[in-house]
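The structure appears right after this line, and notes come after that.
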């Protein structure tokens, strides 16, 4: 159900409930008023439940609407991977978070444009497959070698397999 219809249903039922409660309190008395409260609850329950379901569906979609990549997880860090043509680009903030570093201006001068650049169709900088390999081979972080193996086996190899199966390789 659309959000505006749920809101309208809620407002109408709230008005009806308030009217019933007011009439009962005004003309019958306090005890009847207390007995009429469950009627208001029944009238308001459906729109509240519908609104909650719609909100949960919306909240579940939110992380995936920001970008058209894939989520991967390494060492408890979500790593965004963007397929660009046949190549993969890894979001720099995610990769560097694993290594305990932050993106700096030095990255642009350390890597070639085909290794580190803006990821097409996004506002993010990222490492290409060659760039992430170079970064991880030169890093002295204790997770760097493990991440390099993970990138090669779990991400790049799986991406190439998908391309093969789709006949795009």
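Taken together, the values in this text are just the output of simple stated rules run on the coordinates, not laboratory data. This is a predicted model, so every value here is computed, not measured. A quick note on method: Cβ atoms are made from the backbone with ideal geometry, for glycine too, and the neighbour counts reach across all protein chains shown.
Summary table
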item	result
Qualifying residue in the stretch 123-132 (condition: out of contact with any helix residue (DSSP H, G or I) (no Cβ under 9 Å at 6 or more places or on another chain) and within 18 Å of residue 75 (Cβ to Cβ))	no
Per-region count, the stretch 98-122, residues under 15 Å from residue 79 (Cβ atoms) and crowded, with 18+ Cβ neighbours inside 10 Å	3
